[in-house]
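Laboratory data are not the source of any read-out in this text; all were calculated from the coordinates shown. Since this is a predicted model, take the numbers as computed values, not measurements. Positions of Cβ are backbone-derived with ideal geometry, glycine not excepted, and every protein chain shown enters the neighbour counts.
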Amino acid sequence: MLKKRNFLLLSIVLIALVLTTSTAFAARRIKVKAVPVRNRAITGNIASIDGLTIPTTITVTAGAITYTVNVTAKTKIVRKFYGRSSLEEIGVGDIVVVRGRFTDATIDANLIRDLSIQRKGGTFVGSVKSIDAANSSFVLTTTARGDQTVTTSATTVFLKGKDKVAFGDIQVGNNVLVIGLWRKSARTINADRVRIKI
């Protein structure tokens, strides 16, 4: 009986020793790794822009998540077809692809591609529906893309045939050709050139 009891105690001690040794060995092998900061991309809508002076931040909503996007001098901003852009061109509501280094819901952006603005394909033909002289803009009715608001500036070139004219020469009903920066989501065109057809 005593031998049996001693054998049982010895077995328990040996099992405990084996478990302790295995745990210690496993602990030495396990290395705790930091969660890597992933470089990936998201597509979403611009919810806000803190400022137009770099560095700044913008917020982008993608699905149920709102991301804070850090924009620095190293961030490349491009239009839909990868033409060079800037903070001045992007706007709230634009659809953007943001690529960069993610830490939870914060992105250090190395690329912002605004899918809502483009120059490629930014040529429109239609008739002038209405004119807002105070804001140097007019509404252009097109066949393919409906009504578009055309905004002009001091750098916009106005032509009638081959002759240079001015914004004041545009009249409701004129057939015109407009070339410029198209903001698809806002349905606006920042005109570089307006040609009145004769």
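General observations
- Using a Förster distance of 35 Å, the FRET efficiency for Ala105-Thr142 (Cβ separation, nearest 0.05): 0.30
- The distance between label points at Thr72 and Arg38 comes to 2.2 nm (points 7 Å beyond Cα on the Cα→Cβ vector).
- Taking only the alpha carbons of the range 123-196, we obtain Rg and Dmax values of 10.8, 33 Å in that order.
- Candidates per chymotrypsin sites (Phe, Trp or Tyr not before Pro) in the range 68-174, loop by DSSP, up to 14 other Cβ within 10 Å: Phe81, Tyr82
- Kirkwood-based Rg to Rh ratio, the range 38-115, C-alpha trace: 0.91
- The range 38-115 - charge dipole about Cα centre, Lys and Arg +1 at Cβ, Asp and Glu -1, debye rounded to 20: 420
- Between Ile198 and Ala186, full extension at 0.36 nm per residue minus the direct alpha carbon distance yields a gain of 1.4 nm.
- Distance from the Cα centroid of the range 76-108 to that of the range 49-74 is 8 Å (rounded to whole angstrom).
- Cross-link reach list, aspartates and glutamates versus Lys80, counting only Cα pairs under 19 Å and skipping chain neighbours closer than eight places: Glu88, Glu89, Asp94, Asp114, Asp192
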